[in-house]
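What follows is a set of notes on a single structure, which appears directly below.
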Amino acid sequence: MKLCRFNDDRLGIVEGGEVIDVTGALDAIPASRWPRPQGDALIANLDAVCERARDLAGSGARFDADGVLLRSPVANPTKVIGAPVNYHAHMEESIKDEGVSFGRDIKTIDEYGLFLKSPVLVGPGEGVALHFTDRRNDHEIELAMVIGKTAKNVAYEDALDHVAGYAIGLDMTVRGTEERSLRKAIDSYSVLGPWLVTADEIADPDKLDFAIHVGDEERQNSNTDKLIFDCRKLIAYGSSFYTLFPGDVIMTGTPEGVGPVTPGDVMHCYCEGIGRMDVPVRAA
Ligand code: MN
């Protein structure tokens, strides 16, 4: 199932170019008092929400998917985990490009580990608001995994059992000397969309084509089979540091071809098994 959050926080099923309004399925989420349980309430109750959504789909209002405003399908993750230099070809381009490396010695995820981005996500319909437009602001397209259940010290073999679904992530980045977690956590620099594809629809997340065009120009085009830490290893490794909660997002890392965007650009993103999303860029 493809589940989206659209317009004024409505819940939709995406089917064949249409969005079916199944907002009533949110009634399957139990009410909670303070303190709320950690994690995203929709993802924590995803099975019940999907079951109710299926029941409602026959009678739900239908919209053209191109005509709705798509927000991040995950509203309240406790964290968005980033995977630095998780493709060899991106390491090689970063070494060559002073505008990426800023004089740093570039290594891979084997040495860097992980980092945290802001847990505040935007969807494609909200777009990216560039800060510091006098500096270089880059797109990084990445496969994003959405964690389905609370987990710690997950075994490699069991890792994908902890995934609720997948989406396209944009790990937007202002280049510079500051820590990654500062430069990649600017408001609107964490994009998730266009919807959540439940895990049952993706047979092998380590074998997905994905690409991004800026305007007519192809910038990045790769396959997740080139990941250094594959999807299972990212979950196992990440969960050895952090308890993962429902709705937590792991952006799996970006391949070669990162490059700048400027206000007025539109980023056209694609991932096999997920779909397409257009993300406009503006000045903040
Ligand atoms: Mn990245």
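Of note:
- Scoring Leu234 on the criteria (1) aliphatic (A, V, I, L, M); (2) under 18 Å from the mean Cα position of the chain (by Cα); (3) farther than 24 Å from Cys4 by Cα; (4) open to solvent by 10 Å² or more (accessible area, probe 1.4 Å) leaves a single failure, condition (4).
- First in the stretch 217-244 and within 13 Å of Ile81 (Cβ to Cβ), second anywhere and among the charged types (D, E, K, R) and surrounded by fewer than 21 Cβ atoms within 10 Å (Cβ to Cβ), Cβ under 6 Å, 6 or more apart: Cys231/Asp206; Ser239/Lys152; Thr243/Lys152
- Residue check for Gly273: within 17 Å of Cys4 (Cα to Cα) and either in contact with an Asp or Glu (Cβ under 6 Å, 6 or more places away or on another chain) or not assigned by TED's automatic domain parsing to the domain that holds Ile106 (or both): no
- Evaluation of Arg5 against (1) open to solvent by 20 Å² or more (accessible area, probe 1.4 Å); (2) without any contact (Cβ under 8 Å) to a residue 60 or more places away in the chain; (3) in a strand (DSSP E or B); (4) under 16 Å from Gly165 (Cα atoms) (one fails), failing number: (2)
- Within the stretch 67-110, the set of residues being more than 30 Å from Lys207 (Cβ to Cβ), open to solvent by 40 Å² or more (accessible area, probe 1.4 Å) and within 16 Å of the ligand (Cβ to nearest atom) comprises Phe102, Arg104.
- Condition met for Glu140 (in contact (Cβ under 8 Å) with a residue 60 or more places away in the chain and within 30 Å of Arg54 (Cβ to Cβ)): no
- On the stretch given as the stretch 42-66, residues that are of a type in the set (A, V, I, L, M), farther than 12 Å from Val14 by Cα and open to solvent by less than 50 Å² (accessible area, probe 1.4 Å) total 6.
The values are calculated or read from the model by the stated rules, or taken from the named source; none is laboratory data. Please read all numbers here as calculations on a predicted model, not as lab measurements. All Cβ positions, glycine included, derive from the backbone under ideal geometry; neighbour counts span all protein chains shown. Calculation scope for accessible area: heavy atoms of the full protein, side chains included, ligands and nucleic acids excluded. Shrake-Rupley method; radii C 1.70, N 1.55, O 1.52, S 1.80 Å.
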